[in-house]
């Protein structure tokens, strides 16, 4: 289960990076929302990875 | 002081439980917000969501820090009371109460809208009386269930939340994969960019999609090891909701539909966002967009309306539950008359609070439904309120209540950073300016100031662009302040000043009850060190 979650988190980071790379070429408003969307996906993937493997307090 | 301990809530909410508790409330918002924003902000809907989303990230981080530092069930009202005193605590709590009553009305309304996708007899434009009666019945039913003390379980919330996350991920992934065209998105944004007024209206409505973070802090008192768990679940929740909102907005503007879009009322062809944002469809936009995703839409057309309706019903129920509990907490804190604390002898629920705030929600639904029920009222609304629809009116007030209470929460964070530097903060918002205040080292939160400016802008947009919201919202606050002054005067309590409280003892008790014993020891050590310095 842990491995599946890790794969999903990595997939989220990859999709976020693709969106980021693709939307960066578009005009300012569309590109900017795409960039934030990509960054949010990368951020969520990183948060999930940190929760899985990082040093966090567990209840 | 009595040795008898107050009854405590059982700490049984796990990390996933904490996430799903918040998700079942905030996650439902996009089901309502998407159509409203598309109707107002047109080709700039994604930018409207982005503006509101950035402010939402700021408020989300603020709630995360405060809920992890003060894990009590009061939420925003408690943080503001503690940071800014009784009066502002009351105003923030009263604004949250407005939001909870709108929550009941708006989400029940939208729940029936989603069901109308499968049962056309519930369609508001075609059968307004049936729609109205079913919404009223739903609200009354939720009130009765809450009086009797039946609540949806955390396990049920978790199941629905998981189902919804998977479903929305599928809709968005397949939509972007098979139907999205970045060129169409750019074209729509260039050709359908709204006027400044419409854009401001869109931003003020976009905040509707991000309301409900109160739930995580409401659940803090029942969460295991809240200081460690809340930052994890809250950050994941903030990002998940932001991703869904931005994705839906971009998809709606740049998607080629699977089926031809019906012509508009004048027989002209229309774009997807126009169809989703019109008065007939803006209450069920997510179900319609799901239906237009190639291949998956065939299945989604059946289950998304049901899933949306369930999520919206849970959110509506959290309004019934939350309003009564906030009123109870405010009465316990001396901010509202003690009648709101009265417990039913048999069911042990705050019956008066439940009945009062359900009645407020019913009156809001009636006001929202009047134009569709009576043609005379429709012409009156068209004259006085620019012809706002019922769901628009509820959205207006929702945005007003959220912007008001969130503005106070930002200020409360700044105040608490300055006046309570000794409380250990397991999660601290990034970007701070170190400084000294009253002999203590404190960190001034820059993000809270940015968030406050953004939220004040949204509040200003709400007042400028919503003809009903700018009257009804401030009237609600003014009525509450009058009630507060009368109550405080009759009880001989200070009106503008606060009652004396021993926050240090209370904080130790809060951390002890939370099971955060290490933090409690750290707090006691901080106090001793500070006292020794003085």
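Just so it is clear, none of the values below were taken in a lab; they were calculated from the coordinates. Since this is a predicted model, take the numbers as computed values, not measurements. Positions of Cβ are generated from backbone atoms using ideal geometry, with glycine treated the same way; all protein chains shown enter the neighbour counts.
How tilted is helix B:226-253 with respect to the longest principal axis of chain B? Cα atoms for both, answer in degrees (0 to 90, nearest 10). With both axes taken from Cα atoms, the answer is about 20 degrees. Separation of segment B:169-209 and segment B:407-486, taken as the distance between their Cα centroids, equals 30 angstrom.
What do you get for the angle between helix B:390-419 and the principal long axis of chain B? Use alpha-carbon atoms, 0 to 90 degrees, nearest ten. Result, in degrees: 30. Averaged over the residues of B:40-52, the number of partner chain Cβ atoms lying within 10 Å of the residue Cβ comes to 2. Over the protein assembly as shown, DSSP H runs of length four or greater, each weighted -39,500 (n - 2.57), average out per residue to a 222 nm ellipticity of -24000 deg cm²/dmol. Here the Kirkwood formula puts the hydrodynamic radius of chain B at 23.6 Å, using every distinct Cα pair.
Where in segment B:119-147 does the amide nitrogen come within less than 19 Å of the point 7 Å from the Cα of residue B:359, taken along Cα to Cβ? Answer for this model: B:136-147. Each 5 Å bin, from zero up to the one with the longest distance, holds this percent of the alpha carbon pairs of segment B:18-169: 2, 7, 11, 16, 20, 18, 14, 8, 3, 1, 0. The alpha carbon convex hull volume per residue for segment A:9-53 rounds to 39 Å³.
Legend: mean number of C-beta atoms from other chains within 10 angstrom of residue C-beta atoms, peptide B:267-273, equals 0. For segment B:114-241, the normalised intensity computed at q = 0.16, 0.21, 0.22 Å⁻¹ comes to -1.34, -1.30, -1.29 (log10 of I(q)/I(0), Debye sum over alpha carbons, equal scatterers, no solvent).
The Rg/Rh ratio for segment B:411-534 is 1.07, where Rg is the radius of gyration of the alpha carbons and Rh is the Kirkwood radius. Of all DSSP beta bridges confined to the protein assembly as shown, the antiparallel ones make up roughly 90%. Peptides B:247-257, B:131-141, A:9-19 ranked from most to least packed, by the mean per-residue count of other Cβ atoms within 10 Å: B:247-257, B:131-141, A:9-19. Extension gain, residue B:118-residue B:342: 0.36 nm per intervening residue step, less the Cα-Cα distance, totals 76.5 nm. All distinct Cα pairs of segment B:189-249 go into the 1/r average, and the inverse of that average, the Kirkwood radius, is 14.0 Å. Beta bridges per DSSP, both residues in chain B: antiparallel share near 90 percent. The C-alpha atoms of segment B:214-290 occupy a region whose extents along the principal axes are 59, 21, 14 Å, arranged from largest to smallest. For segment B:390-454, report the % of Cα-Cα distances exceeding 14 Å. Result for the distance tail: 64 percent. Working value for segment B:168-271: equivalent-ellipsoid semi-axes of 35, 18, 12 Å, each the square root of 5 times a Cα gyration tensor eigenvalue, largest first.
Summary value for chain B: 29 percent relative contact order, contacts being C-alpha pairs under 8 angstrom separated by 6+ residues.
Remark: mean inter-chain Cβ contacts per residue of B:229-242 equal 4, using a 10 Å Cβ-Cβ cutoff to other protein chain atoms. The label-point distance for residue B:126 and residue B:384, in a model that sets each label 7 Å from Cα toward Cβ, rounds to 3.2 nm.
Normalised by residue count, segment B:101-174 yields a Cα convex hull volume of 119 Å³ per residue. The C-alpha atoms of chain B define a longest principal axis, and helix B:503-514 lies at about 60 degrees to it.
In the protein assembly as shown, the convex hull through the Cα atoms has an average projected area of 27.2 nm², a quarter of its surface area.
One equal scatterer on each Cα of segment B:136-201, no solvent, Debye formula: the resulting log10 I(q)/I(0) at q = 0.12, 0.22, 0.27 Å⁻¹ is -0.71, -0.94, -1.08. Using every pair of distinct Cα positions in segment B:169-224, the Kirkwood expression returns a hydrodynamic radius of 15.0 angstrom.
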